[in-house]
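The values are calculated or read from the model by the stated rules, or taken from the named source; none is laboratory data. Because the structure is a prediction, the values reported are computed rather than measured. Don't worry about glycine lacking a Cβ; one is built from the backbone with ideal geometry, like all the others, and counts go over all protein chains shown.
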Amino acid sequence: MTPPLVRVVRGDITQQAVDAIVNAASPQMRGGGGVDGAIHRAAGPGLLRENIERFPHGLPVGGAGWTTAHELPASWVIHTVGPVYGRGSRSQLVDAYANSLRVADELGAETVAFPLVSAGVYGWPRVDAIHAGFDGIAASGTSVREVILVTPTEEATHEVEAALWRVTPLRILQSMRVLHERGIENARLTAGMSPSGMYWRGSVWLGDREVVGYTTGNGPDVAGMDVTAATTPDALADHLLALHPDLTPERDPAYTQWYRELLALVEERYALPIAFADYFDATDGWEVGWGSGVRHPHPPE
Ligand code: APR
């Protein structure tokens with residue numbers, strides 16, 4: 001199955017001529033403010049009537065269900081309920097996306113537009129909400145062809161664009177965790193900035209063999225595979241192992257521990273690790289986010 005294309009559009013989700021738009025609903029599903037209010041206004045009162053009929057008890061957090069789209073240009077509205085920041089969990093936000101796409105698959109929808117679920121009234125920090133959305137899209141295994149994230153503001157659009165750019169290196173880093181978890185603890189990382197400062201470079205090594213030699217100038221191409229927001233770290237790890245069937249797994253608990261801590265910083269900040277760059281003083285270790293001052297000690301030898 002080809003994973004969907006994920007892209008961003010700045011605009012109003014009610015105007016999208018896609019098969020299905022997703023609504024960031026409340027558990028009661030009786031309308032509200034934000035994107036929910038905009039969708040109910042544009043769809044007309046029939047949408048609320050259908051919600052009451054079909055969802056007398058609403059939906060649980062992380063759940064999803066569909067109605068028709070009434071006066072909207074789309075064919076369906078997929079309603080999902082994101083978690084409230086500070087009360088619900090990130091995995092519920094991931095589920096909101098994955099379950100919405102499962103509903104889209106049941107409907108046979110090929111194009112689906114999402115708002116940034118939970119990133120408004122529900123207070124979820126936007127960059128994490130965007131990446132949780134990516135994780136849900138990747139986890140769903142959907143056959144939807146195109147997922148469009150629709151954001152009304154220029155600032156949010158730029159944040160989604162930046163996250164789309166960053167997600168390929170992030171998936172490489174996460175696939176190394178998968179390799180370690182599968183007992184291939186000799187998978188090692190080198191990472192830094194190109195001399196121009198324009199590109200992040202990351203390599204994954206197995207012994208003296210470079211299995212990934214990536215720069216952000218390559219876009220989504222990682223060792224011949226398109227790695228995007230819709231790719232799971234497991235799928236990339238499978239791809240790398242298929243390319244190197246003869247590799248010998250080795251144990252290296254000190255390194256994997258170091259790497260786990262590095263990746264925790266990366267995933268907390270959505271910032272890439274740097275071991276080298278022009279004018280970079282490596283004395284205090286690696287930096288997570290170039291120029292951030294956040295340091296992680298050098299890996300154990
Ligand atoms: N098109 C696209 N995105 C929109 C639109 C629109 N017309 N209107 C708002 N948004 C964006 C917001 O900028 C925000 O980034 O949708 C994102 C989600 O914000 P909310 O609509 O507040 O959704 P959420 O944070 O999940 O809160 C859901 O709010 O309206 C109530 O009934 C709803 O209780 C539920 C809660």
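Among all positions in the range 217-229, there is at least one residue which is under 21 Å from the mean Cα position of the chain (by Cα) and polar (S, T, N, Q). When each of Thr157, Thr168 is tested for being of a type in the set (Ser, Thr, Tyr), touching a residue at least 60 places away in the same chain (Cβ under 8 Å) and touching a Lys or Arg at 6+ places or on another chain (Cβ under 8 Å), the lone residue that passes is Thr157. Restricting attention to the range 75-95, the residues being away from the ligand (no atom under 14 Å from the Cβ) and part of a strand (DSSP E or B) number 1.
Considering the range 116-139, the residues that are among the small types (Gly, Ala, Ser) and either modelled with pLDDT under 95 or over 12 Å from the mean Cα position of the chain (by Cα) (or both) include one that is surrounded by the most Cβ atoms within 10 Å (Cβ to Cβ), namely Ser118.
Checking each residue in the range 177-200 for being surrounded by 17 or more Cβ atoms within 10 Å (Cβ to Cβ) and assigned to a helix (DSSP H, G or I) picks out Arg177, Val178, Leu179, His180. Within the range 140-175, being in a helix (DSSP H, G or I) and acidic (Asp, Glu) holds for Glu154, Glu155, Glu159, Glu161. Residue selection: Leu72 fails the criterion of being touching a residue at least 40 places away in the same chain (Cβ under 8 Å), under 23 Å from Arg171 (Cα atoms) and within 13 Å of the ligand (Cβ to nearest atom). Number of residues in the range 26-66 that are more than 10 Å from the ligand (Cβ to nearest atom) and part of a helix (DSSP H, G or I) equals 10.
Just so you know, in the range 140-176 the residues that are buried (at least 18 other Cβ atoms within 10 Å of the Cβ) and of a type in the set (D, E, K, R) include one that is nearest to the ligand (Cβ to nearest atom), and it is Glu159.
Summed over the range 1-14, residues that are near the ligand (Cβ under 8 Å from one of its atoms) and either part of a loop (DSSP other than H, G, I, E, B) or among the polar types (S, T, N, Q) (or both) total 3. Within the range 246-255, the set of residues being part of a helix (DSSP H, G or I) and within 18 Å of Glu210 (Cα to Cα) comprises just one member, Tyr255. For the range 96-139, the set of residues classified as in contact with an Asp or Glu (Cβ under 9 Å, 6 or more places away or on another chain), within 9 Å of the ligand (Cβ to nearest atom) and in a helix (DSSP H, G or I) consists of Arg126 only.
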